[in-house]
Structure formats: C-alpha cells, structure tokens
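K.L.:
First the structure, which I've put down as structure tokens, then a few questions once you've had a look.
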Amino acid sequence: MRAVVMAGGEGSRLRPLTSRRPKPLAPIANKPVMHHIVDLLAKHGITDVVATLHYLADEIETYFGDTLQYVVEDTPLGTAGAVKMAEKLLGGERFVIISGDAMTDVDLSALIEAHERAGNVATIALWRVNNPLEFGVVITDDDGKITRFLEKPSWGEVFSDTINTGIYVLEPEVLEYMEAGKNYDFSKDIFPLLLRDGKRLGGHVIEDYWADVGNLQQYQQANYDALSGSVRTRRPLVQLADTVWAGAGCEIDPSATIRGYVQFGDGVTVGPGALIDGPACVGSGSIVEAGARVGRSVLWENVYVGEDAQLTDCTVASRTIVKARASIGEGAVVGERCVIGEAAVIRPHLRLWPEKNVSSGAIVSMSLIYGIKWPGSLFGGAGVSGLANLEITPEFALKLGQAFGSFMRPGDSVMTSRDTHPSSRIMNRCVISGLLSVGVNVEDLRSFPLPLSRFATRTAGNGAVHVRLAPSDPHSLLIEFLDASGINVDKATERKIENLFFREDFRRVAMDDVGLLNFPARALESYTAAFLDALAPQTLNAKRFRVVMDYANGNAALVLPRILSKLNVETIALNAYFDDNRVSTAAIDRAQSLAQLSDIVGTLHADLGILLDHDGETFALVDDRGRVVRDNELIALLTLMVVRAGAKLVAVPVMAPGAIERIAQSYGAEVIRTRSDRRSLMALAEARGRELAFAGGANFEVIFPELHPAFDALYGSAKVLELLAREGCRLSELVDMLPEWHVATVRVACPWEHKGRVMRSLIAEQQRDQIELFEGLRVRHDGGWVLVLPDASDPTFSVYAEAESDGEAYAFATRMGTRIEQLAGV
C-alpha cells in the first residue's frame, strides 16, 4: 500500500521558527515532525511514500533523500490538487493521505481495516477537540457515514466537536473527480462531490494522539507530549534514567542536575552545575555551559547556552548563541542564528526573527500583550475588545494598525474615527500611527458617529477602523474594522489580520513611502445630503412632530439636530453635550434614562421619545403614552410600519419571535431570517439593496438600506418619523396593533473547551426531524422553538425559547440551560 505525505505548507503561524525551515522539518523531541510521520507509516508496513512539496521543497528533499518520492507544486493546488499530481506514482491502488506537519500516533492499520469493512470510497480519521473553530467539523450518522462538512466554522455553526484530521484512506476512483493542474480541496470540493454522487464516505473516530501543531504554543506542547509519552515515538537508544534519554556521544557532567522528562540529541554537552528541568528537549550538538538553567524549553540543534544563562519555557531555534548570564522569558521564541549578548534579557512572549543580534545588557521588551484572554481568536463578535489601557494598550493598538495596514495594499486609504472618550482618542491615534508606518494613507474623521464613518468609507475609503467604548462594558474599548462597503470585515479577513498581528509580520516601507494623514472636510455634508434625499421631507414637514431626543452625551448631537431642524421637527434635546463620565456609564444608566425619557414625553405631551446610544448605532423608542418599546417589540413595530407602507421584504435575526412572520404575511410581505452576528445582517442588506426595506438586529439595531446597508440610529430615528407621518396616527396606536408573543432568554456558562462537545451531545439527543442547524441548534416543538447559540466572545451559551405563554417559554429555556450545565460539568 502507498501513502501521500502532504508537506507543502508554509507554516506561517509557526514563524519565526519556519522563516528558514519548512514546517515538516520543525523538530519534535529532536526529530523533524515529518520524520515521525514516515516512521509511523513504516510501523504499519507502508514504505512506498510520495511527498507533495511546495515551500522550501529542496530542504525536505535534501533531508529524506531517495527514501521518498516527490512531487513539487510550483503554485499551491490545494490539498486534493496536490495529490492529483502524484496520481501516476500511486499505481491505481488504494492509498493513505497524511499530513507531514501534524503530530500523531494514529493506528493506521485500524483505520484501513475500518475503511475496508465499511466499503467506503473514502474514510476520514476524525478526532474530538475542545475548540473546533480552526478545523473542519464533520458530522456522521450512527453508522459512521458522513452527512455534512463545515470548514472553519464560527461558534454559531459549531454542531459538533468531531473534526477532520486530514488523515484519509482513499480509493483510486476519488482522483477521477479532478483535472490535473487545477486547485481542489478535499473538504470543500471533492468530498461534497462524492456525497452528491451517492458515494459512501465514512468517518472513523480515533482515540490515539493527534495534534495540529498549528501555532507556537501547540508546537511546544507537542514536544512536551512526545517527551512524556503521551504520543508514542521512537526513543533514542540510550536511557540515562527513567525519564531521560540521550543520543550518541553525549557528555553530561556528573554534577549537572537533570529532572523530569528530558531528551538529548546526539553529541550534546552539559557542563558542571547546570540544571535541565523537564520537560525539555536539547538538540544535537548543543552546549549548555556551567551553571546554566534550562527549564521547560525546546532547544534545536547546535544551540549554545552560556554560563549562568537562564531559559524558561521558551523555544530557541538552531545555531543561536545565548551568552553568559542572559535570560529568555517564558513563551519567548528565538529564531535561527540569533546572538543574545551577555546579561541581555528577552522578555516573555517576545519573538526574535532569524539572525538578530541583541547587545550585551540590553533589555528587549515584548510588544505582544502578556496574558491575552481571547480564546484562540483576537476578534470577538463585533471586533477586538478589551479593558481600556490594560488589555487594549497603546502598543496593542499600534500593532493592530500595522496588522490591518499590512493586510491592505500600499497607498490604500483607510478612514479612522472614534467616539468622544479620551481613551478612544489615544487608541485611535495609535492605530493611525500603525497604519501610516506600513504605507497606508489615513483619512481621520476624528470624533464621528459610527454610522457616518460607515457611509464615508463607502464613498471615499478602502476600509476603516472605528474605536469606541464597548456597548456592553463601560471599562472596555471596542475596535471595529470595516471593509470598503462600510460593513464589518468578514471572518476570513479577521483571520488574516489576526495572523499578521500575532506573527508581527508587518510590511516595512522606506521613509518616503509612509502613509499620509488627512482630515476630510465634507464628510458630514455628504451624509446629510444623502440622508435628506433618501427621506420624504415634505411628508415630515407637514406633520410638525414634537420629539424628545436623548443624545446620551454622544457624538450624534453633532449631526442629528441640524438635520431634524430642516425637517420641521421640534426637538426637546436631552444630554446633547459631551461628558466623558456620562458616556462611560451610558450602558449602565440606560434603564434610568428610559424612565426619565418616559416621564418627559408624558409631561410635555410629545409625539414620541428617542434614546440614542452614544455612538449613533442603536436607539430605543418611547411612545406618546410613555411606554418603552423594548427589544423584539422594536423590530416588530418597525416591521409593521414598513409593510403597511408597502414594503415586501424585511430581515430579522434567527432568534426573533415568530410574530414577525405573522405581521409580514398579513400584508403580503416576506421575512428573511439571518444569523445573529452584526456582519451577517449588514452583508444581507448590502446584497439585497433597496429590495430590502428594513433589517432589524438583536440589540436595538436597525438598517434601512435605502440610505446605506449599516446600522444607523440617526437615519432610523428620522425614518420612524416619516413612516409615522404617512400613517397619520399616534405611535401608541401602532404599538397596540402588535400581536402577542412569549419569548424567554437565559445565559449559561460553559468553558471554551467544552462547547463543541456540548453541541454535539445536544444534537445527538434531539429528533433529527425537529432540528435546524442554520445557526446554533434550533429545536422545534409544539407552539414554538428553542435555540441554543454558543457565544463568539464569552465562554457562554445563549438559550432562546418561544412558546404559547411566558411560563412555558421560560420553562423550555431553563430546561435546555440546565442540560447544557450538566453536559459542561459546571
């Protein structure tokens, strides 16, 4: 039997370790990871091996020589396209595919046997992981037959914790689904075609060790696992103690202390009084001088550690010199051929790229924030958030600007804006500095409501960054990245920015090519003109509404009063001045502000009251009788108003009540259900344009695409007035027309590492004809439904339920929440 070892990847997330070396040759327990894979194949009787190569292919060919056959991709052809290149070398027989840069001791014989027994055309080795976001999720039926694939899902799409390891047993007919020289991916292209044609695809869950080794932390852990025996590997022949192994020609001074799991390569020298505190790997030819301390570290070949130097929980690549009394902190990664001078200090979590020289006594400070709390992702549900000046620091914001700017093209223009808080001003300036430093021009709108920034980006920018206080936490900042259409960047772009950020792989430009900083002069005028063109001003002018408007001390007060004055709307303005202290507590004071607004509307006999958020994205309504229009009620009310005005299409998130459909259908309109995240709603509005009359989000967010496809409470406020003028009635009369519904919501804590398993278990417990997997898990029942959504930013689940009474809805939600707690073990 033959095998194909996939070894063409660049391993960009392992930089700087892979800057001069292909990822398959990165050593684990002093042996390249691909060498471990070739040993594994040989253990199961597979010695006829073809390697597919691309990045630094010569390095791999030199290492393995003629023990393997090779095909080299000039340009990447995808996981399947590369295998197609090797078709002539596979002899028209069944073959195994395995990654050359993942660590595993999978029982290949058992996998092949399962493939033969099931009569599959393709069998995938499956594994269960704590966090499935970076992998391809695979769903199987009770017989192990694969029914669905999902590549790198969001939390709302995580239906299982069973993922594709990239280890396959394939029949040769699979290659007939490809043309030579074309790009194909097994999970995205070939396997779905096989499913479409009714071919049997099977999944085989492995209980053996498997690690993706996708980032530097996983790389270090894989080394520790190999040392401890968690993964079965070939040990060196010489065992010095129960947990210590050594290659040939090692010289360990008798006074040296070796503790824990330690593995030495060939020809290692350890001087007197030195301490090697495992788990630790010391590569071939390395020297650890007298008194040096090496703890929980991975040293490649030919590393020199000087007298009394201290290395703690770090990785040091080959031919690096660490001189006497130097220290390298935990989590630091030092690339090949670096020189760390005497008594120099490398701070924790810093990465040194190859061939860097650190002067004696220098202190090198890290730019990566220590103790980042984002679970496997820099981005949350809306952008990048963290405690102001603690997690979101000036250094952090500078790097974010560099990362986003490096993703853009040199010379592109990025709009920047912020709210009025001083912390937002500081971080905005740091983001601007980062963008300019990588050759991107900046159009700084300064203090500007987010809806206006989105509009300005559509007309004059290639992207945008907006900094503001996080709506859900007055102590945190939220930094949002927008694409050229003014909506939040997609998941693929977030991952690219994140990779650039963590690798610090920033573009460097000559001093004459840095970006230019400008301050647009007419952005407000352009927005105002488009705003008035999109409305029906004559209708509003004739009505002469009286409105109480609470600006929440935000920057919407810069814009909306002058527009409403042109529409003949009399406004009683509240909190229409900047107050940094009030801005930071606006979310906390929301209930109090609504109560105050309700009293004033009643006292002044106003037509309605409107409470804007401080950045102009969301609003709440108070009707003429002083009643607050809350949550789903706002979506239902606006749906009613637009369909009564003749609209035929509206959009709402998946958790909105079923009453929305009843309202729309009674006027011959259609409702589109979208995912709950902010971008999905805006992307739909962008795609459908004016065909879509209205889109309502989960948190008082509204879009009227006739102006632009983004959340805009300023235009939304005026649109409500226009629709109300068309009706010729009081707002309270329309509120009274809304049907009844009963929805309950609960939030349940769940550790990140258990989320995928919990979702898989919940799905398995439901009747298949009663579930929907559009986003999260939605279970239908008589009179309603229950929706389980894993949160993208926090270690929690949100459970929504609708039923025929409030009591039933709450009971459904809490019952599901209790089950989640049981499965999560909290």
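K.L.:
Among the numbered conditions (1) over 19 Å from SER732 (Cβ atoms); (2) open to solvent by less than 10 Å² (accessible area, probe 1.4 Å); (3) not hydroxyl-bearing (Ser, Thr, Tyr), tell me where GLU661 comes up short.
P.N.:
(2)
K.L.:
Would you point out which residue out of ALA484, ALA521, ALA552, ALA556 is over 30 Å from LEU731 (Cα atoms), small (Gly, Ala, Ser) and touching a strand residue (DSSP E or B) at 6+ places or on another chain (Cβ under 7 Å)?
P.N.:
ALA484
One line per residue, one yes/no per condition, for (1) surrounded by fewer than 21 Cβ atoms within 10 Å (Cβ to Cβ); (2) touching a strand residue (DSSP E or B) at 6+ places or on another chain (Cβ under 7 Å):
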residue	(1), (2)
PHE455	no, no
LEU477	no, yes
VAL509	yes, no
GLU525	yes, no
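K.L.:
Another one. Got a sec? Which strands (runs of 3 or more DSSP E) wholly within segment 420-521 have at least 1 residues that are under 13 Å from GLY401 (Cα atoms), under 25 Å from the mean Cα position of the chain (by Cα) and of a type in the set (Asp, Glu)?
P.N.:
Answer list for segment 420-521: 473-482.
K.L.:
Under the condition of being aromatic (Phe, Trp, Tyr) and closer than 13 Å to GLU617 by Cα, which residue from segment 673-719 is most open to solvent (accessible area, probe 1.4 Å)?
P.N.:
PHE700
K.L.:
So, ALA651, is that one in a helix (DSSP H, G or I) and either surrounded by 19 or more Cβ atoms within 10 Å (Cβ to Cβ) or in contact with a Pro (Cβ under 9 Å, 6 or more places away or on another chain) (or both) or not?
P.N.:
So ALA651 fails the test.
K.L.:
Still on this model: Which number in (1) open to solvent by 10 Å² or more (accessible area, probe 1.4 Å); (2) at pLDDT 90 or above; (3) within 30 Å of GLU391 (Cα to Cα) marks the one condition that ALA362 misses?
P.N.:
Among (1) open to solvent by 10 Å² or more (accessible area, probe 1.4 Å); (2) at pLDDT 90 or above; (3) within 30 Å of GLU391 (Cα to Cα), the lone unmet condition for ALA362 is (2).
K.L.:
Scan segment 83-95 and tell me whether some residue there is within 21 Å of LYS188 (Cα to Cα) and among the charged types (D, E, K, R).
P.N.:
Yes, segment 83-95 has at least one match.
K.L.:
Another one. Being surrounded by fewer than 23 Cβ atoms within 10 Å (Cβ to Cβ) and of a type in the set (S, T, N, Q) is the filter; apply it to segment 70-124 and report the residue that is modelled with the highest pLDDT.
P.N.:
Looking at the filtered set, the residue picked out is SER109.
K.L.:
Restricting attention to segment 382-402, which residues are part of a helix (DSSP H, G or I), open to solvent by less than 10 Å² (accessible area, probe 1.4 Å) and either touching a residue at least 40 places away in the same chain (Cβ under 8 Å) or touching a Lys or Arg at 6+ places or on another chain (Cβ under 7 Å) (or both)?
P.N.:
ALA397, LYS399, LEU400, GLY401, listed by residue number.
K.L.:
Take segment 403-436 and flag every residue that is open to solvent by 30 Å² or more (accessible area, probe 1.4 Å), touching a Leu at 6+ places or on another chain (Cβ under 8 Å) and under 18 Å from LEU452 (Cα atoms).
P.N.:
Listed by number, the list holds a single entry, HIS421.
K.L.:
Looking at this structure, is ALA595 closer than 19 Å to ILE703 by Cα, among the small types (Gly, Ala, Ser) and open to solvent by 10 Å² or more (accessible area, probe 1.4 Å)?
P.N.:
Answer is no for this residue.
K.L.:
Search segment 765-781 for residues being open to solvent by 40 Å² or more (accessible area, probe 1.4 Å) and among the basic types (Lys, Arg), and hand back the single one that is nearest to PHE812 (Cα to Cα).
P.N.:
Among them, the one singled out is ARG780.
K.L.:
Among (1) surrounded by 15 or more Cβ atoms within 10 Å (Cβ to Cβ); (2) touching a helix residue (DSSP H, G or I) at 6+ places or on another chain (Cβ under 8 Å), which single condition is THR47 missing?
P.N.:
Of (1) surrounded by 15 or more Cβ atoms within 10 Å (Cβ to Cβ); (2) touching a helix residue (DSSP H, G or I) at 6+ places or on another chain (Cβ under 8 Å), only one is false for THR47: (1).
K.L.:
Could I ask something else about it? Which condition from (1) among the charged types (D, E, K, R); (2) within 29 Å of GLY214 (Cβ to Cβ); (3) surrounded by 20 or more Cβ atoms within 10 Å (Cβ to Cβ) is the one that ARG468 breaks?
P.N.:
(2)
K.L.:
Any idea which residue in segment 530-542 is most open to solvent (accessible area, probe 1.4 Å), counting only those that are assigned to a helix (DSSP H, G or I) and modelled with pLDDT under 85?
P.N.:
Just the residues of segment 530-542 that are assigned to a helix (DSSP H, G or I), to begin with: 530-534, 537-542.
Applying the additional criterion that residues be modelled with pLDDT under 85 yields 537-542.
Numbers: PRO537: 38, GLN538: 124, THR539: 43, LEU540: 0, ASN541: 57, ALA542: 83 Å².
The extreme case among them is GLN538.
K.L.:
Taking segment 624-648 only, how many residues are part of a helix (DSSP H, G or I) and either open to solvent by 20 Å² or more (accessible area, probe 1.4 Å) or of a type outside the set (Ser, Thr, Tyr) (or both)?
P.N.:
First pass over segment 624-648, keeping only residues part of a helix (DSSP H, G or I): 631-644.
Narrowing the set further to residues that are either open to solvent by 20 Å² or more (accessible area, probe 1.4 Å) or of a type outside the set (Ser, Thr, Tyr) (or both) leaves 631-638, 640-644.
Selection size over segment 624-648: 13.
K.L.:
Select the strands (runs of 3 or more DSSP E) contained entirely in segment 215-285, then report the ones holding at least 3 residues which are buried (at least 23 other Cβ atoms within 10 Å of the Cβ) and in contact (Cβ under 8 Å) with a residue 60 or more places away in the chain.
P.N.:
The strands (runs of 3 or more DSSP E) meeting that bar number zero.
K.L.:
Further question on the same structure: Do we find a residue being within 28 Å of VAL138 (Cβ to Cβ) and aromatic (Phe, Trp, Tyr) anywhere in segment 216-223?
P.N.:
Among the residues of segment 216-223, at least one is within 28 Å of VAL138 (Cβ to Cβ) and aromatic (Phe, Trp, Tyr), which makes the answer yes.
K.L.:
Right, something else. Hey, does segment 747-764 have a residue that's among the acidic types (Asp, Glu) and either within 25 Å of the chain's Cα centre (by Cα) or buried (at least 17 other Cβ atoms within 10 Å of the Cβ) (or both)?
P.N.:
For segment 747-764, residues among the acidic types (Asp, Glu) and either within 25 Å of the chain's Cα centre (by Cα) or buried (at least 17 other Cβ atoms within 10 Å of the Cβ) (or both): present.
The values are calculated or read from the model by the stated rules, or taken from the named source; none is laboratory data. Nothing here was measured: the structure is a model prediction, and the numbers come from that model. Counting neighbours? That spans all protein chains shown, and the Cβs are built from the backbone with ideal geometry, glycine included. Side chains are part of the model used for accessible areas, which takes the heavy atoms of the whole protein and leaves out ligands, DNA and RNA. Shrake-Rupley method; radii C 1.70, N 1.55, O 1.52, S 1.80 Å.
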